[in-house]
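So the structure is just underneath, and the comments pick up after that.
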Amino acid sequence: MPGSRLPAMLPIWLGTATHEPFAPLEADAEAEVAIVGGGITGVTLALLLAEAGLSVLLLEAHSIGGGSTGHSTGNLYQLVSGGLHALAQHWSPEVARAVAQSRGEAIDLIERNIHQHGIACGFRRCALHWYADIAHAQPFIEHEFHAARQAGLPAHLASEWDEPLTTAVGPILVLPQQAQFHPLLYVRSLAQLAARPRCRLFEQSPVLHIDLERRTLATAHGTVHAHHVVLATHTPKGMHGVQAEMLPQREYALASLVEHATDTPSWPPGIYWGHGVDRHSVRQLQTAQGDYLIVVGEAVKTAQHTASECMDRLEELARRCFGVQRVAYRWSAQSYRAADGLPYIGRSGNGAYIATGFGADGLSYGTLAAMILADQIRGQANPWSELYRPDRVTPLKSARLVMEETVGTATAFVEDRLTRRPGRRADDLAPGQAAILKSEGDTLAAYRDGGGELFVVSPVCTHMKCMVRWNDAERSWDCPCHGSRFAPDGTVIEGPALEPLKRLR
Ligand SMILES: Cc1cc2nc3c(=O)[nH]c(=O)nc-3n(C[C@H](O)[C@H](O)[C@H](O)COP(=O)(O)OP(=O)(O)OC[C@H]3O[C@@H](n4cnc5c(N)ncnc54)[C@H](O)[C@@H]3O)c2cc1C
Ligand code: FES
């Protein structure tokens, strides 16, 4: 496998935000509610519960907002990236309308929080533009326009468009009153607002074991006991039925400093989505260092692609279509798309509260999940609980979708367990290279870092024993089955796995 020639991957949000860290958990503790995960879902929930007077303890494995939230595009919209019309078709127009309305309420909560607490995170209302970049993609835009109108949204079709949107073919769907912000500045500010004697947040505190019968969460240095356990971990940790119905995908992103920036940005504010040949999302970001253009695209199934090639293709698109010259930030992020198109939010059969299946729309869905879970935990009715309940029955017409999506996972399981891979010797690995090796009958996942140190781990994913594959852009071992990702030393980066890959000599 080739060594990566890319510079380190870093999202623009991490490169343009400061952070006041929270200490790790160092002793046993108790709380009414324990939240695992400090992304937009967990932190919004912590604030809502703290404001309601409950005692809360939030455990974040790495840093607040550093998961998918800090790797997103920072757009807030009522549509969904798979199309509201697809929801209307698979479920019903009423469901599509409820989704648009509930997502609108989540955006309103974000705006209220920002105004009420004076959070400086570049929030602005703006329009979403969705366009076809090839003629045969136009019906998608038209269907989406009709679904948006049917859902009560003030969308219109614009038939003329000036520079810089040169790739659009046919009418553009325009939906006003959507929004964008700096997701990391927002979530980190919310975390500081939530912190108080009865709401404690801990970073660098990965939960290593979950006992839902006893309601305990074990970290390396302390065990937490709570009445309610919330897994705000993007996908539930450990084994959970919803994992069989979700598709883990990775998507790639870059940010480029706009050359010769003036007071008037060369790319107008707004959300720009292309559909057709190149499915991409473009937005601008104003910072103290200048204006950046952010381009996101190349969505692919996790661990079923060569990551550096996706990054290269995105860069080529950004140069060709948007005149990008020098790339300042590159990153990638994961999403979990529910096969029936709706997230899973609420108390699941095993007793934990979950919030997952957001696809690439989880800044609004995560906020909505926090609103729903806060009401459920407090025993209050929420108008959206039923729509997103995790044990819902999937309508027959989308059952086919579930099957198609999970076939990829099943195949990955079978192939990776049974296929022999061509062997190499660890000594042959140059700095930056990784390989799956055979040694004395064992299969090993080996990586040599830039300084020459060799890391050897078991390639068997600790979640449900699929075989991991090397991600050459982010230097991680990724699992194709449910999206667990591991650092070269085996440490869990994200996904449902709780335990690290077994370290081997
Ligand atoms: C490329 C891309 C762009 C996107 N852009 C947008 C966008 O513009 N708008 C939008 O609405 N959505 C977007 N999304 C989706 C959105 O980013 C996510 O759905 C959302 O951030 C999920 O938030 P979360 O809080 O649920 O998860 P996360 O932000 O991932 O937070 C989960 C947290 O749990 C922690 N955790 C995990 N395991 C443990 C453990 N064992 N112990 C303790 N902590 C743990 C993680 O470290 C992490 O910080 C995008 C997705 C992708 C892939
Ligand atoms: S993530 Fe489930 S088996 Fe690896």
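Can you spot a residue in the range 331-349 that is over 27 Å from ALA98 (Cα atoms) and more than 14 Å from ligand 1 (Cβ to nearest atom)? Give the derivation first.
Pass one, the range 331-349, residues over 27 Å from ALA98 (Cα atoms): 331-333.
If we keep only those that are more than 14 Å from ligand 1 (Cβ to nearest atom) too, we end up with none.
The answer is no, given that none of the residues of the range 331-349 is over 27 Å from ALA98 (Cα atoms) and more than 14 Å from ligand 1 (Cβ to nearest atom).
Looking at the range 310-322, is at least one residue within 30 Å of HIS225 (Cα to Cα) and of a type in the set (Gly, Ala, Ser)? Give the steps one after another, and end with the answer.
First, pick out the residues of the range 310-322 that are within 30 Å of HIS225 (Cα to Cα): none.
Looking through the range 310-322, none of the residues is within 30 Å of HIS225 (Cα to Cα) and of a type in the set (Gly, Ala, Ser).
If you go through the range 241-253 one residue at a time, do you hit one that is outside any loop (DSSP other than H, G, I, E, B), closer than 30 Å to ALA497 by Cα and of a type in the set (Phe, Trp, Tyr)?
Start the filter on the range 241-253 by keeping residues that are outside any loop (DSSP other than H, G, I, E, B), which leaves 241-253.
So of that shortlist, the ones also closer than 30 Å to ALA497 by Cα come out as 241-253.
Retained after the next criterion (residues that are of a type in the set (Phe, Trp, Tyr)): 252.
There is at least one residue in the range 241-253 that is outside any loop (DSSP other than H, G, I, E, B), closer than 30 Å to ALA497 by Cα and of a type in the set (Phe, Trp, Tyr).
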Out of (1) part of a loop (DSSP other than H, G, I, E, B); (2) under 26 Å from ASP291 (Cα atoms); (3) out of contact with any Ser or Thr (no Cβ under 7 Å at 6 or more places or on another chain), the one VAL324 does not meet is (3)
Taking the range 434-483 and keeping residues within 14 Å of ligand 2 (Cβ to nearest atom), part of a strand (DSSP E or B) and not aromatic (Phe, Trp, Tyr) leaves ALA445, VAL457, VAL460, MET467, ARG469, ASN471, SER476, ASP478
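If you check ALA158 against the conditions, is it among the small types (Gly, Ala, Ser) and over 25 Å from GLN78 (Cα atoms)? Write out each step before concluding.
On the way: among the small types (Gly, Ala, Ser): yes; over 25 Å from GLN78 (Cα atoms): no.
So ALA158 does not fit the description; no.
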Apart from one, (1) more than 14 Å from ligand 1 (Cβ to nearest atom); (2) outside the structural domain of SER439 (by TED's automatic domain parsing); (3) within 22 Å of the chain's Cα centre (by Cα) all hold for CYS481; the odd one out is (2)
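For the condition closer than 17 Å to ARG347 by Cβ, out of contact with any Lys or Arg (no Cβ under 6 Å at 6 or more places or on another chain), more than 10 Å from ligand 1 (Cβ to nearest atom) and of a type in the set (Lys, Arg), what is the one hit in ARG196, ARG215, ARG200? Lay out the reasoning, then the answer.
Values: ARG196 fails: closer than 17 Å to ARG347 by Cβ; ARG200 fails: closer than 17 Å to ARG347 by Cβ.
Only one candidate qualifies: ARG215.
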Do we find a residue being touching a residue at least 40 places away in the same chain (Cβ under 8 Å), more than 16 Å from ligand 2 (Cβ to nearest atom) and not assigned by TED's automatic domain parsing to the domain that holds MET371 anywhere in the range 200-215? no
Picking from GLU51, GLU30, the residue that is more than 18 Å from HIS225 (Cβ to Cβ) and either at pLDDT 95 or above or aliphatic (A, V, I, L, M) (or both) would be GLU51
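To keep it simple, each residue is scored yes or no on (1) polar (S, T, N, Q); (2) closer than 20 Å to ALA61 by Cβ; (3) surrounded by fewer than 20 Cβ atoms within 10 Å (Cβ to Cβ); (4) within 12 Å of ligand 1 (Cβ to nearest atom).
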{"site": "HIS209", "(1), (2), (3), (4)": "no, yes, yes, yes"}
{"site": "TRP267", "(1), (2), (3), (4)": "no, no, no, no"}
{"site": "VAL277", "(1), (2), (3), (4)": "no, no, yes, no"}
{"site": "THR287", "(1), (2), (3), (4)": "yes, no, yes, no"}
{"site": "VAL296", "(1), (2), (3), (4)": "no, no, no, yes"}
{"site": "ALA307", "(1), (2), (3), (4)": "no, no, no, no"}
Looking across the range 484-499 at residues that are surrounded by fewer than 18 Cβ atoms within 10 Å (Cβ to Cβ) and more than 20 Å from the chain's Cα centre (by Cα), the single one that is nearest to ligand 2 (Cβ to nearest atom) is GLU499
Within the range 360-377, the residues that are part of a helix (DSSP H, G or I) and under 16 Å from the mean Cα position of the chain (by Cα) are GLY362, LEU363, SER364, TYR365, GLY366, THR367, LEU368, ALA369, ALA370
GLN286 vs (1) assigned to a strand (DSSP E or B); (2) in contact with a strand residue (DSSP E or B) (Cβ under 6 Å, 6 or more places away or on another chain); (3) not small (Gly, Ala, Ser): all pass except (2)
Residues of the range 190-229 being part of a loop (DSSP other than H, G, I, E, B), more than 23 Å from the chain's Cα centre (by Cα) and within 20 Å of HIS19 (Cβ to Cβ), in sequence order, are ALA195
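If you check ILE40, ILE35, which single one turns out to be at pLDDT 95 or above, near ligand 1 (Cβ under 7 Å from one of its atoms) and β-branched (Val, Ile, Thr)? Break it down into steps so the answer makes sense when it comes.
Working: ILE35 fails: near ligand 1 (Cβ under 7 Å from one of its atoms).
That would be ILE40, the only listed residue that is at pLDDT 95 or above, near ligand 1 (Cβ under 7 Å from one of its atoms) and β-branched (Val, Ile, Thr).
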Apart from one, (1) under 18 Å from THR41 (Cα atoms); (2) surrounded by fewer than 24 Cβ atoms within 10 Å (Cβ to Cβ); (3) within 15 Å of ligand 2 (Cβ to nearest atom) all hold for THR235; the odd one out is (2)
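Yes/no matrix, rows are residues, columns are (1) more than 24 Å from ARG283 (Cβ to Cβ); (2) in contact with a strand residue (DSSP E or B) (Cβ under 7 Å, 6 or more places away or on another chain):
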| residue | (1), (2) |
| --- | --- |
| TYR77 | no, yes |
| VAL80 | no, no |
| HIS90 | yes, no |
| ALA96 | yes, no |
| ARG103 | no, no |
| ILE114 | no, no |
| CYS121 | no, no |
| CYS126 | no, yes |
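The values are calculated or read from the model by the stated rules, or taken from the named source; none is laboratory data. Being a predicted model, the structure only gives us computed values, none of them experimental. We place every Cβ from the backbone using ideal geometry, glycine too, and count neighbours over all the protein chains shown.
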